[in-house]
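The values are calculated or read from the model by the stated rules, or taken from the named source; none is laboratory data. Quick caveat, the model's predicted, so the values are computed rather than measured. When we count neighbours, we look across all protein chains shown, and the Cβ atoms used for this are built from the backbone with ideal geometry, even at glycine. We work out accessible area using only protein heavy atoms, side chains counted, and drop any ligands, DNA or RNA first. Shrake-Rupley method; radii C 1.70, N 1.55, O 1.52, S 1.80 Å.
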Amino acid sequence: MMTAKDMTNTDLFAGINEKGVNMLLQCLNAREKHFQKNDIIALEDDQIRFVGLVLDGTVNMVKEDIWGNETLLSFISRGEVFGETFALQKNTNSYVTFMAGEETNVLFMPANDIIHSCPDGCNCHAQMTTNMFNILGKKGVMLMEKIEVSSRSSLREKILSYLSILVQKQGRRTVQSPLNRTRMADYLGVNRSAMTRALSTMKKEGLIDFDKNEYTVYAEELEA
């Protein structure tokens with residue numbers, strides 16, 4: 001389980017020491033909640049007033065069309081936040097559904113209390129407010145990543161683009177995907193069986209290797 005000390009390494013609490021984190025959690029009246037895999041955290045059209053920090057596990061952000069088809073828009077990993085895009089708007093209704101991608105623990109904090117400094121005007125609260133706006137900027141980058149992947153014309157290119165992003169983020173050629181095969185196919189917007197066949201073909205060609213959610217990307221792949 002993530003401790004206050006661990007939280008100092010998250011984007012939300014960057015530049016704040018352990019004592020400051022504990023003080024903020026008390027000031028914000030933060031509460032922790034546990035979710036099982038596929039549990040709904042917030043439904044589309046729910047009113048969102050919180051920012052959630054993923055302590056352990058993964059939160060999936062999904063959108064459902066009028067025919068009931070789900071599209072995975074994004075995934076939020078350990079140490080990352082979600083809900084802020086909607087909670088910090090005047091209209092706080094969610095456009096998407098948030099659900100647990102696996103067994104997950106989330107720390108919930110009131111959004112308004114994050115962006116408005118406390119009466120004491122403490123430095124750590126001001127730092128957290130600055131961090132929140134930095135996070136919003138990073139979420140914009142994540143949206144561009146999603147567009148980059150989905151804009152690729154072929155299934156093979158979509159897979160390569162997704163793996164390339166993971167390599168760049170994790171800084172190594174052997175990476176862990178936070179998504180299982182089903183969710184990965186949803187994120188890419190492709191058929192799961194077709195994706196599995198494409199992965200197997202790329203493995204036979206020596207471009208990649210994989211074992212469950214671990215993928216190794218070779219040099220030739222990055223040059224593609």
_Efficiency of FRET from Cβ geometry, residue 66 and residue 33, R₀ 35 Å, rounded to 0.05_ = 0.70
*Starting from the Cα of residue 136, step 7 Å along the direction of its Cβ; do the same at residue 9; then give the gap between the two resulting points in nm.*
2.8 nm
*With every protein chain present, what accessible area does residue 147 have (1.4 Å probe, heavy atoms only), rounded to the nearest 10 Å²?*
90 Å²
*Which of 188, 12, 88 moves the most in a Gaussian network model of the chain with Cα springs under 10 Å?*
88
*Order of exposure, largest accessible area first, which applies to 150, 177 with probe 1.4 Å*: 150, 177
*Find out how many positive minus negative residues lie around residue 26, taking Lys and Arg as positive, Asp and Glu as negative, among other residues whose Cβ is under 12 Å from that of residue 26.*
+1
*Accessible surface of residue 138 in the full protein assembly, 1.4 angstrom probe, to the nearest 10 Å²?*
110 Å²
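Students often check this: by mean Cβ neighbours within 10 Å, which of 189-197, 158-166 ranks highest, and how do the rest follow? Present the calculation step by step, with values, prior to reporting the outcome.
Values: 189-197: 13.6, 158-166: 20.2.
With the highest mean Cβ count within 10 Å placed first, the list reads 158-166, 189-197.
If you wrap a convex hull around the Cα atoms of the range 42-107, how much volume per residue is inside, in Å³? All intermediate terms of the calculation are to be shown ahead of the outcome.
Details: hull volume 4.9 nm³, N = 66.
Normalising the Cα hull of the range 42-107 by residue number yields 74 Å³.
Protein chains only, probe 1.4 Å: how do 186, 113 rank by accessible area, largest first? Let's see the in-between values first.
Numbers: 186 40, 113 70 Å².
Largest to smallest exposure gives the sequence 113, 186.
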*Share of the chain's accessible area from carbon and sulfur, percent, 1.4 Å?*
48 percent
_Probe 1.4 Å, protein heavy atoms only - accessible area per residue of the chain in square angstrom_ = 53 Å²
*asked:* Could you tell me the ratio Rg/Rh of the chain? Both radii from Cα atoms, Rh via Kirkwood.
replied: 1.00
*asked:* Give me the net charge for the shell around residue 1: Cβ to Cβ below 11 angstrom, other residues only, Lys and Arg +1, Asp and Glu -1.
replied: -2
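In deg cm²/dmol, rounded to 500, what helix-only [θ] at 222 nm does the chain give when every DSSP H run of at least 4 residues adds -39500 (n - 2.57) and the total is split over its residues? Intermediate results must be reported in sequence, preceding the final value.
On the way: 9 runs with 92 residues, N = 224.
Result for the chain, helices only: -12000 deg cm²/dmol.
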*Using a Gaussian network model of the chain with C-alpha springs under 10 Å, which one of 96, 141, 175 is most mobile by mean-square fluctuation?*
141
*With a ≥ b ≥ c taken as the square roots of the eigenvalues of the C-alpha gyration tensor of the range 163-214, please select rounded if a/c is under 1.5 and otherwise prolate if a/b is larger than b/c or oblate if it is not?*
oblate
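Quick one: grab the alpha carbon gyration tensor of the range 125-195, order the square roots of its eigenvalues as a ≥ b ≥ c, and give me rounded if a/c is under 1.5, else prolate or oblate depending on whether a/b is larger than b/c.
Details: a/c = 2.44, a/b = 2.04, b/c = 1.19.
Prolate shape, in that a/c is at least 1.5 and a/b is the bigger ratio.
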_Let's test the formula: R0 of 22 Å, r as the Cβ-Cβ distance of residue 192 and residue 44. What FRET efficiency results, to the nearest 0.05?_
0.40
